[in-house]
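Taken together, the values in this text are just the output of simple stated rules run on the coordinates, not laboratory data. For clarity, every value in this text was computed on a predicted model and none was experimentally measured. Cβ: placed from backbone, ideal geometry, glycine included. Neighbour counts: every protein chain shown.
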Amino acid sequence: MWKWLRDRRFSDFKFRRQHPFGPYILDFFCLEARLNIELDGFQHGSPEHRSKDARRDAWLEQRGIKVLRYWSSHLRGDKEAIRNTIWRTLQERVPQPVPDYSRPDSPDAAEKGKC
């Protein structure tokens with residue numbers, strides 16, 4: 001995921017990796033869109049961890065941060081759907097959408113290595 005998001009490669013949005021926010025460390029955070037993307041491994045499947053994650057997500061949502069959460073295994077199998085969801089979420093949350101030519105599924109972005 002970091003390969004897509006780093007250095008403004010994803011439609012020119014700035015993401016920060018392992019960004020501290022309050023008592024938490026956010027996996028991939030875009031301040032402009034107030035979007036946090038969490039990439040979870042198997043340990044997040046336990047009831048205790050799910051409960052912690054739900055409390056954490058609620059705390060972030062109360063502060064205006066949208067959380068997208070993905071399983072690592074899902075990332076390996078469904079990259080296009082995940083990229084498209086991130087794209088749509090960014091478009092919903094940013095006051096002025098970026099041009100269509102920078103969408104992750106556009107031919108121009110693919111040629112320039114943007115996605």
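Taking the mean number of other Cβ atoms within 10 Å as a proxy for protection, how do you rank 74-80, 54-60 from highest to lowest?
The most tightly packed comes first, giving 54-60, 74-80.
So how do Tyr70, Tyr24 line up by other beta-carbon neighbours within 10 Å, fewest first?
The most exposed by this proxy come first: Tyr24, Tyr70.
Note the full-extension length gain between Thr85 and Asp53 as 0.36 nm times their separation in residues minus their Cα-Cα distance, in nm to one decimal.
Contour length minus Cα-Cα distance gives 9.5 nm.
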